[in-house]
1. Quick one: would you say Val84 is in contact (Cβ under 8 Å) with a residue 40 or more places away in the chain, surrounded by 14 or more Cβ atoms within 10 Å (Cβ to Cβ) and not in a strand (DSSP E or B)?
2. Go through (1) farther than 14 Å from Leu223 by Cα; (2) part of a helix (DSSP H, G or I) one by one and return the number of the condition Ala249 breaks.
3. If I ask for residues that are in contact (Cβ under 8 Å) with a residue 60 or more places away in the chain, assigned to a helix (DSSP H, G or I) and aliphatic (A, V, I, L, M), which ones from the range 272-314 would you list?
4. When the residues of the range 160-206 are narrowed to those that are among the hydroxyl-bearing types (Ser, Thr, Tyr) and in a helix (DSSP H, G or I), which ends up nearest to Leu312 (Cα to Cα)?
5. If you take the residues in the range 194-206 that are among the aliphatic types (A, V, I, L, M) and closer than 18 Å to Thr111 by Cα, which one is surrounded by the most Cβ atoms within 10 Å (Cβ to Cβ)?
6. Could you count how many residues in the range 122-173 are more than 16 Å from Thr242 (Cα to Cα), polar (S, T, N, Q), touching a residue at least 60 places away in the same chain (Cβ under 8 Å) and in contact with a helix residue (DSSP H, G or I) (Cβ under 7 Å, 6 or more places away or on another chain)?
7. Going by what's in this entry, would Asp53 be described as acidic (Asp, Glu), touching a strand residue (DSSP E or B) at 6+ places or on another chain (Cβ under 6 Å) and not in a strand (DSSP E or B)?
8. For the range 66-88, give me each residue that is polar (S, T, N, Q) and at pLDDT 95 or above.
Amino acid sequence: MEEVSWRDDARGRAVVLREGLLADATELLADAGWDEFDLLTTPRALAEASELDQAAEATHFIGAAQVPEAAAAVLEDVGSDRLVALGGGRVIDSAKGITAVRGGEVAALPTTLSGAPMTAIHRLPTGHRGASGVRPSLVLADPIVMTSAPEPQLRATAMNALAHAAESLYTPLADEESRGDALRAAELIARSLDADRADRDRSELALGALLAGSAVDRAGIALHHALGQTLVRVLDTPHAETYAALLPATMAAMRERAPEQIEALAVALGTDPESIGDRIRELAGDRRLGELGADRDRIGEVIEVAIARPELFQMTPGELERADLEAILRAAW
């Protein structure tokens, strides 16, 4: 795939996707007016981009804690109002959270298929208040870097992206644009994962993740994300793998609640609505929550936290009861 770029003036965002882009990131940032910035990253991500470290006013490493704690740990050390975030969702969301507190601007250089580069969805640093809703104004995406994870992990992160696309079809905020981006994203993700890794078009997979992130930025989150995020926070399970284990069950549960949208999603994935759960397992690998170290005896606790989230009921079509959530979690175990 040749370079793909677009501007979204309504959201104040410019996106560039190109293989090998990371090697030119410092120059591209300068061309966009980013001559001075602080860099947020991880040692692993920085190993592939030492020139960014040299160009930055300061470099701050984001730890392995959840975003509120990770962002709070470096917030006082950040000196610039322009933050370049090189890394996965935790790094980019930390940059967004810090900017929400201190003001400024974020440029994202994603190293995974996270939707974080494309959304204004993030949490705030622990102990701080701010104006939530920061999204990166510049996204520089290198598909080779974004899809470099080992195959099992890559498929799990791809299911995170697919979940963004899926929920963008049926929330009350979904519109023609979010649905169009979502269905194209689902088709690209499925087609790419169906190919052998050596023959895969990695640009298609990366573009699918970016489009899915753009879609969920418009449409918002519902059942799947409310349950998935709660599982991660309550049971401390890995984010992408949790989403991959949960997605077949949540999409099966949505068949009757949003039949037209799930049918369209199934077509984009190359299957039918009745088989959508099996198709997602085929794409993800057959993952189960019980294999991630989750404590089955704490399902009740997960449900209690999830039902306190307003988006669970406000954004999910159809009626939801506690028994529905328990059935979904048990099916994903």
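The values are calculated or read from the model by the stated rules, or taken from the named source; none is laboratory data. As the structure is a computational prediction, the values presented were derived from the model and not from experiment. Note that each Cβ is placed from the backbone with ideal geometry, even for glycine, and that neighbours are counted across all protein chains shown.
1. So Val84 does not fit the description; no.
2. (1)
3. Ile280, Leu283, Ala284, Val302, Val305, Ala306, Leu312
4. Among those residues, the one meeting the criterion is Ser178.
5. Ala206
6. Counting residues in the range 122-173 that are more than 16 Å from Thr242 (Cα to Cα), polar (S, T, N, Q), touching a residue at least 60 places away in the same chain (Cβ under 8 Å) and in contact with a helix residue (DSSP H, G or I) (Cβ under 7 Å, 6 or more places away or on another chain) gives 1.
7. It is true that Asp53 is acidic (Asp, Glu), touching a strand residue (DSSP E or B) at 6+ places or on another chain (Cβ under 6 Å) and not in a strand (DSSP E or B).
8. So the first thing to find is which residues in the range 66-88 are polar (S, T, N, Q), and the list is 66, 80.
If the condition is that a residue be polar (S, T, N, Q) and at pLDDT 95 or above, then Ser80 is the only one that fits.
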